[in-house]
1. Rg/Rh for the chain to two decimals, with Rh computed the Kirkwood way over all alpha-carbon pairs.
2. Per-residue accessible area for Ile156 at 1.4 Å probe radius, Å² rounded to 10?
3. Let me check against my output: what whole-number percent is the relative contact order of the stretch 79-170, with C-alpha pairs under 8 Å and at least 6 apart?
4. Name the lysines eligible as straight-distance cross-link partners of Lys113: C-alpha to C-alpha under 17 Å, and not fewer than 8 places from it in the same chain.
5. Near Gly123, within a Cβ-to-Cβ distance under 15 Å, what is the net charge of the other residues, with Lys and Arg +1 and Asp and Glu -1?
6. Extension gain Ser127-Asn103, at 0.36 nm per residue separation less the Cα-Cα distance, in nm?
7. For the modelled label position 7 Å from the Cα of Asp45 along Cα-to-Cβ, which residues of the stretch 1-33 have backbone nitrogen atoms closer than 17 Å?
8. Count charges around Lys56 for me, please; just the other residues with Cβ under 13 Å from its Cβ, Lys/Arg as +1, Asp/Glu as -1.
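The values are calculated or read from the model by the stated rules, or taken from the named source; none is laboratory data. Predicted model, so just to flag it, every value in this text is computed and none were measured. Cβ placement follows ideal geometry from the backbone for every residue including glycine, while neighbour counts extend to all protein chains displayed. Each accessible area value is taken on the protein alone, full model and side chains, heavy atoms only, with ligands, DNA and RNA left out. Shrake-Rupley method; radii C 1.70, N 1.55, O 1.52, S 1.80 Å.
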Amino acid sequence: MSLAKKISDDVKSALKGGDKKKLSIARYVYSELKNFLIKENLDRDVLKLSDENTIKIVKTQLKQKKESLDFATKAKDRGRIEDLEFDINYLNAFLPSMMDEKNTIDIISNYIKENNLENKDFGKIMSFLKQNYNNKIDMNLASKIIKNIFKEWQMIILKKLLTEPLLLRL
């Protein structure tokens, strides 16, 4: 069963079951799928939408919900936080499972070392990850990891320079 069909079925089952929270998020995602079809001038049948496009749309919605959750958390709006957490859990169910942080760090570290990459090669690293691990690695997490790796390396180099005698540097 395609992901779009699953979302369509969720709308129907939530309507029949009276699950207002599930109905709200399922309708929202379904409308975003329809908007995508309209924007791309595709056939208006949501059920024909590929899983790849559905995942792309769900990822976008998930990112927006997470940003909203950050704001709700800062505002200490408990009701809104609970609603957003429900929505996030619902959306996560449509995404393929992501690689854990340790494996992501290993992949990034190895790629950087094997290709002697530097901080200025951030785009190359992200491009490599998108080409080879697009729906397997959380790209936001990958970005943070890359920045931290280069920050740690800069600190090591700086400490080394500061501890070496000045004559050796001349």
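1. Numbers: Rg = 21.8 Å, Rh = 19.1 Å.
So for the chain, dividing Rg by the Kirkwood Rh gives 1.14.
2. 110 Å²
3. 32 percent
4. The qualifying lysines are Lys102, Lys124, Lys147, Lys151.
5. Once positives and negatives cancel, what remains is +2.
6. Details: separation 24, 0.36 × 24 = 8.64 nm, distance 1.77 nm.
6.9 nm is the gain from fully extending Ser127 to Asn103.
7. Taking a point 7 Å out along Cα→Cβ of Asp45, the residues of the stretch 1-33 whose backbone N falls under 17 Å are 1-9.
8. On the way: positive: Lys39, Lys59, Lys63, Lys130; negative: Glu32, Glu40, Asp51, Glu52.
That sum, taken over residues with Cβ under 13 Å, equals 0.
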